[in-house]
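Visitor: The structure follows.
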Amino acid sequence: NSGIPNKGNQPKRKRKEAFAFAKATAIIMKIITTGVAGTMESSDIMVMIRPNEEKGIEIDIQSDVKATFGDAIEATIREVLADFDVNDAVVAVVDKGALDFVIRARMQCAICRAAEVSYDWGKEDPNA
């Protein structure tokens, strides 16, 4: 149990509040379904995250630039997983030359979709 009650049936406001509560109280974000974000377009990344019950983090990276940037891509993925307190997940990415901020955004979106919670995207925007 992720500690976020009734995830799928809550109105958006309630899910957003539940997510804020989970972050504030350091409840582990539980991946309960498959979440996908991104495209296969140039300069983007397709991220798929799915549950990996009690088996830790597994990451599969497909990228034409893996030899050069694979370690940096993996480090960014692991950092976002840690930011969201995700401890058990399989992450598969197909990178088409995405920059760090794109990888972060796609990971955040995929994690929220997979945990079936809302995220306050406006808090990332200093102009909001």
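The values are calculated or read from the model by the stated rules, or taken from the named source; none is laboratory data. Computed from a prediction, not measured in an experiment: that's the story for all the values here. When we count neighbours, we look across all protein chains shown, and the Cβ atoms used for this are built from the backbone with ideal geometry, even at glycine. Surface accessibility is based on the protein's heavy atoms, side chains included, excluding ligands, DNA and RNA. Shrake-Rupley method; radii C 1.70, N 1.55, O 1.52, S 1.80 Å.
Visitor: How large is the accessible surface per residue of segment 40-128, computed with a 1.4 Å probe and reported in Å² as a whole number?
Guide: 56
Visitor: For segment 37-76, what does the alpha-carbon gyration tensor say about shape, rounded, prolate or oblate, given a ≥ b ≥ c as the root eigenvalues, a/c under 1.5 as rounded, and a/b over b/c as prolate?
Guide: Oblate is the answer for segment 37-76, as a/c is 1.5 or above yet b/c matches or exceeds a/b.
Visitor: Next up: Please work out the FRET efficiency for the pair Val36 and Asn127, using the Cβ-Cβ distance as r and a Förster radius of 30 Å; give the result to the nearest 0.05.
Guide: 0.60
Visitor: In nm, to one decimal, how far is the Asp120 label point from the Leu99 one, both placed 7 Å along Cα→Cβ?
Guide: Output for this residue pair reads 2.7 nm.
Visitor: Computing the accessible area with a 1.4 Å probe over protein heavy atoms, can you report the carbon and sulfur percentage for segment 46-128?
Guide: Heavy-atom surface of segment 46-128 belonging to carbon and sulfur, 1.4 Å probe: 48 percent.
Visitor: Going by the alpha-carbon gyration tensor, a ≥ b ≥ c the square roots of its eigenvalues, is segment 50-128 rounded (a/c under 1.5) or, if a/c is not under 1.5, prolate (a/b greater than b/c) versus oblate?
Guide: Oblate shape, in that a/c is at least 1.5 and b/c is the bigger or equal ratio.
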